[in-house]
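Remarks on the structure that follows.
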Amino acid sequence: QTGLITLDLGYKNTGATISEITYLDGDQGELFYRGYPIEQIAEKSNFTEVMYLLLHGELPTTDQFNTFNGNIKKYNFVAEEMKKIIDAFPRSAHPMGVLSTLTSALTAFNPKAVNVQSKEEMDLAAELLIAKFAHLAAWTYRKTLGLPLNHGDNNLNYVENFYKMAFRLPNEDFEINPVVTQALDKLLILHADHEQNCSTSTVRMVGSAHTGLFASVSAGISALWGPLHGGANQAVIEMLELIEKDGGDVNKWVAKAKDKNDSFRLMGFGHRVYKNFDPRAKIIKKAADDLLAALGIEDKALDIAMQLEKVALEDEYFIERKLYPNVDFYSGIIYRALGIPTEMFTVMFALGRLPGWIAQWKEMRLKGDPIGRPRQIYQGAQLRDYVDISKR
Ligand code: SDX
């Protein structure tokens, strides 16, 4: 309150840029990638094709797809020295901190991706990062278990390749289960872009100083790590496990979430833009049901999540504030069913969001957006003279 106007500070409604990539309607609960509704994309496309769509603006022809896919396979390895960097971390390091470090370190081994100016140079940097990021994401998990760090297998598609690098055990043959990799493919599609969210705005802000793509994405990874943003998918499962351990009384925890004197929030609920159901949450919830049925898994956390959703959606507090389940509410259920550990959930979000970050960085650079430099309302000390320490 400045006595003049009530300011909604903190980038809550800032029109930061003009973009042609993703359209969101928070009231209608609509999400379009380059004009295609997320429901159709999730049903009919695949993650590699969605990466092309976000980066180039159109669904690829067969030739365009094969060239794009072929380039990614061409770069499907990482410099051996990168292993020395990951070796320096303790096994207990959070995978998101390792991922952000490794992504920035990639710059040192890919000088062509640093001072890019032309669209062609940006597309090369994008394909390099897309190929190598799958390794880094897989390696952050391997690190926690002290498992050998593998390179890619070009006989597999992008998602299968990631899954094998992450989960292949050195002493066993590795079978790709299509039920698992198709569910993972759909999840990555649903996370691929989401307009000017916190981490994407971070990538744009850092990139607006003409910082290289890898370092800009590294900053986005750090923003996504936060529990109010991508870190919420890990926080949701931890919340559901806490409620289960506490006896499963969802009414008690919904009451805590409403209590202003209690810092507890219902993780996976609420959204800055969606004041209706997050369309991704609906798709993920159905995918979770289908996957658990296909794998014959009973997950108590899913039962608690559905009870929690029912109670909250009928509660005045949540209805008044238009708080609905968001993308993070059910995604952890699927990751868990896929054998992905909780501390890796936000890395999976980052793997999905990578093409969106790159597409938005590329658009910002090609459009020539100026360096980001917002202003402020100053409410500090007024003009005054320096006082020597002997007189203070
Ligand atoms: C993602 O932006 C994106 O697109 C993000 C994302 C993407 O794809 O990139 O969609 C991914 O980050 C999804 C959001 C994941 N985060 C969570 O699930 C964390 C829990 N949610 C909240 O922390 C919160 O809803 C936010 C951060 C998501 C949104 O916060 P806002 O828009 O700043 O809302 P607010 O904090 O101003 O809350 C408005 C009111 C407040 O109550 P009053 O002051 O009006 O009394 O709603 C309440 C809040 O206390 N509220 C909640 C709540 N979320 C908001 N109360 C209980 N539980 C919650 N989860």
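The values are calculated or read from the model by the stated rules, or taken from the named source; none is laboratory data. Nothing here was measured: the structure is a model prediction, and the numbers come from that model. Note that we place each Cβ from the backbone using ideal geometry, even for glycine, and neighbour counts take in every protein chain shown. The area values use the complete protein model at the heavy-atom level, side chains included, leaving out ligands, DNA and RNA. Shrake-Rupley method; radii C 1.70, N 1.55, O 1.52, S 1.80 Å.
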### Query
Can you find a residue in the range 8-18 that is in a helix (DSSP H, G or I) and either touching a strand residue (DSSP E or B) at 6+ places or on another chain (Cβ under 6 Å) or modelled with pLDDT under 95 (or both)?
no
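Quick one: in the range 325-342, of everything that is outside any helix (DSSP H, G or I) and surrounded by 23 or more Cβ atoms within 10 Å (Cβ to Cβ), which residue is nearest to the ligand (Cβ to nearest atom)? Before you say what the answer is, go through the steps one by one.
Quick first cut of the range 325-342, residues outside any helix (DSSP H, G or I) only: 325-326, 338-341.
Applying the additional criterion that residues be surrounded by 23 or more Cβ atoms within 10 Å (Cβ to Cβ) yields 325-326.
On the way: P325: 9, N326: 4 Å.
The residue in question is N326.
If you check K285 against the conditions, is it within 24 Å of E39 (Cβ to Cβ), within 14 Å of the ligand (Cβ to nearest atom) and open to solvent by 40 Å² or more (accessible area, probe 1.4 Å)? Spell out how you get there, then give the answer.
On the way: within 24 Å of E39 (Cβ to Cβ): yes; within 14 Å of the ligand (Cβ to nearest atom): no; open to solvent by 40 Å² or more (accessible area, probe 1.4 Å): yes.
For K285, the condition - within 24 Å of E39 (Cβ to Cβ), within 14 Å of the ligand (Cβ to nearest atom) and open to solvent by 40 Å² or more (accessible area, probe 1.4 Å) - is not met.
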### Task
Tell me which residues, restricted to the range 215-271, are closer than 30 Å to M205 by Cβ and of a type in the set (D, E).
E238
### Summary
Going through (1) out of contact with any Asp or Glu (no Cβ under 8 Å at 6 or more places or on another chain); (2) part of a loop (DSSP other than H, G, I, E, B) one by one, I176 fails only at (1)
### Message
Regarding the range 305-313, can at least one residue be identified that is over 24 Å from K252 (Cα atoms), assigned to a helix (DSSP H, G or I) and more than 10 Å from the ligand (Cβ to nearest atom)?
### Response
no
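Among the residues of the range 193-200, is any in contact with a Pro (Cβ under 9 Å, 6 or more places away or on another chain) and acidic (D, E)?
The initial filter retains those residues of the range 193-200 that are in contact with a Pro (Cβ under 9 Å, 6 or more places away or on another chain), namely 193.
Narrowing further to those that are acidic (D, E): 193.
Yes, that holds for at least one residue.
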### Task
Please work out which one of (1) free of Cβ contacts under 8 Å to residues at least 40 places away in the same chain; (2) not in a loop (DSSP other than H, G, I, E, B) is the condition L54 fails and give its number.
(1)
### Task
Give the residue that is surrounded by the most Cβ atoms within 10 Å (Cβ to Cβ), with candidates limited to residues of the range 214-247 that are over 26 Å from V98 (Cβ atoms) and touching a helix residue (DSSP H, G or I) at 6+ places or on another chain (Cβ under 6 Å).
I243
#### Entry: Those residues of the range 219-243 which are within 12 Å of the chain's Cα centre (by Cα), of a type in the set (A, V, I, L, M) and more than 10 Å from the ligand (Cβ to nearest atom), in sequence order
I221
## Note on the structure
Of the residues in the range 249-282 that are open to solvent by 50 Å² or more (accessible area, probe 1.4 Å) and assigned to a helix (DSSP H, G or I), the one that is nearest to the ligand (Cβ to nearest atom) is K258
### Query
Just to be sure, is G248 within 29 Å of L24 (Cβ to Cβ) and not acidic (D, E)?
no
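Here is a check on your reading of the model: is V206 away from the ligand (no atom under 14 Å from the Cβ), within 28 Å of I340 (Cα to Cα), over 16 Å from the mean Cα position of the chain (by Cα) and buried (at least 19 other Cβ atoms within 10 Å of the Cβ)?
On the way: away from the ligand (no atom under 14 Å from the Cβ): yes; within 28 Å of I340 (Cα to Cα): no; over 16 Å from the mean Cα position of the chain (by Cα): yes; buried (at least 19 other Cβ atoms within 10 Å of the Cβ): yes.
No.
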### Task
Go through the range 67-102 and give me each residue that's surrounded by 18 or more Cβ atoms within 10 Å (Cβ to Cβ) and of a type in the set (S, T, Y).
S100, T101
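So, in the range 346-382, of the ones that are in a helix (DSSP H, G or I) and polar (S, T, N, Q), which residue ends up farthest from Y330 (Cα to Cα)?
To start, the set of residues in the range 346-382 that are in a helix (DSSP H, G or I) comprises 346-367.
Narrowing further to those that are polar (S, T, N, Q): 346, 360.
Working: T346: 13, Q360: 26 Å.
If we take residues in the range 346-382 being in a helix (DSSP H, G or I) and polar (S, T, N, Q), then Q360 is farthest from Y330 (Cα to Cα).
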### Verdict on A105 being surrounded by 14 or more Cβ atoms within 10 Å (Cβ to Cβ), away from the ligand (no atom under 16 Å from the Cβ) and either part of a helix (DSSP H, G or I) or among the hydrophobic types (A, V, I, L, M, F, W, C) (or both)
yes
